[in-house]
Amino acid sequence: MRWLVVGVSAALVSVFASAAAADTVRLKSGRTVSGHVVKQDDVQVIIATASGSEVVAASDVEAIRYSDL
């Protein structure tokens, strides 16, 4: 039982740490997308989010803040 509690606790810490380490893409519209930037070029930015991947036009991006982790 103790190993189950330790395992669940470690999983929760991992989930919250990865959420805290997300990149943030701010769009010109004011909307933000949080996740992990997996690709960025002159045409598009692809962000892996908790609900899937999101593709935004590079021309719509105002700024990208990368996590330190």
Which pairs turn up if I take residues in region 19-30 that are farther than 17 Å from A57 by Cα and at pLDDT 90 or above and look for partners that are in a strand (DSSP E or B) and open to solvent by 90 Å² or more (accessible area, probe 1.4 Å) with beta carbon separation below 7 Å, at least 6 apart in sequence or on another chain? A22/H36
Per the filter on region 41-69, residues open to solvent by less than 50 Å² (accessible area, probe 1.4 Å) and closer than 13 Å to A22 by Cα are I47, A48, T49, I64, S67
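The values are calculated or read from the model by the stated rules, or taken from the named source; none is laboratory data. Predicted model only: the values in this text are computed from it and were never measured. A quick note on method: Cβ atoms are made from the backbone with ideal geometry, for glycine too, and the neighbour counts reach across all protein chains shown. With ligands, DNA and RNA removed, areas are computed over all heavy atoms of the protein, side chains included. Shrake-Rupley method; radii C 1.70, N 1.55, O 1.52, S 1.80 Å.
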